[in-house]
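Have a look at the structure below, then the notes.
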């Protein structure tokens, strides 16, 4: 099985990044093929449904890479820090560029980090997003 971990932290070398790499190692120990897509390393332009703005080639290439990896994934993990009680804007933006077909009936794990119990708040929000994308949020 192929998995895709999407890191939704804007900070290079973040705790979310470390957590994602730790989890990737555990998946690989069980013979899963897992890739990490770090949105800090591969930024994606903001979704513009009006078609007015023209994103740079770097953003276009990053988006194409994310979309290809998402379509080929059998399962996902979304990783996010806690930003004001919710998940990160860059993760939201990335998900806005993907479709329900990318997630339909696929399991989605959720990981988050921050100080204390507030880490669960972004994950509660993401469960709703996963459901609206027709994915299956794995209990955490």
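Quick note: the coordinates plus some simple rules give every number you see, no bench work behind them. Worth saying up front: this structure is predicted, and the values here are computed from it rather than measured. Don't worry about glycine lacking a Cβ; one is built from the backbone with ideal geometry, like all the others, and counts go over all protein chains shown.
Return the calculated 222 nm mean residue ellipticity for the chain, to the nearest 500 deg cm²/dmol, obtained by summing -39500 (n - 2.57) across DSSP H runs with n ≥ 4 and dividing by the residue count.
-12000 deg cm²/dmol
Go through 78-91, 25-38 and give me the packing order, highest mean Cβ count within 10 Å leading.
Output ranking for 78-91, 25-38: 78-91, 25-38.
Looking at the chain only, what percent of DSSP beta bridges run antiparallel? Nearest 5 please.
5 percent
Please state the relative contact order of the range 2-137 as a whole percent: Cα pairs under 8 Å, 6+ residues apart?
RCO, the range 2-137: 28 percent.
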